[in-house]
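For reference, the structure discussed in these notes is given below.
Just so it is clear, none of the values below were taken in a lab; they were calculated from the coordinates. Everything numeric in this text was worked out from a predicted model, so none of it was measured.
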Amino acid sequence: TQSTWAPAASPYGAVPPAGAPYGAAPPAAYAPAGGVISDHDFNSIVEGIRTEAFSDGKQSVFDIGLHGKRITCDQLGVLVDCFSFDNDKIDVCVKGYPMLADQNNFFQVLGHLSFDSSKNTVKKRLNL
């Protein structure tokens, strides 16, 4: 009898395809499940981001504070506004998109970006 090897199913859902561009949005399977983050927890994250002086620190608070959480477009807009530089705002939009409980309202988040080129970059990175 000849056995065939098949990869085990990933506990994290679909694995991104090989060769996916760097910075591409994670597939929907990576989006956290459950309800939206509480106002108290969200406000703590916003305060943590605002107290950081540099972009790296702000991004770190964003990444750690929102890991496995669901947020709304209104909340992501507040988070985008916590960052000064467009490159950081773009990264927050792209990283925050899979966390959104209301992705159909993402156009509201794009309104927090000042430049059309930044909006186009976000849409391109998210394949929207």
Which of the aspartates and glutamates could a cross-linker bridge to LYS123, judged by Cα under 19 Å and excluding same-chain residues fewer than eight apart? ASP74, ASP81, ASP86, ASP88, ASP91, ASP102
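Relative contact order of region 59-128, please, whole-number percent, based on alpha carbon pairs below 8 angstrom and at least 6 residues apart. Walk me through the numbers on the way to the answer.
On the way: 56 pairs, mean separation 25.8, N = 70.
Over region 59-128, the number comes to 37 percent.
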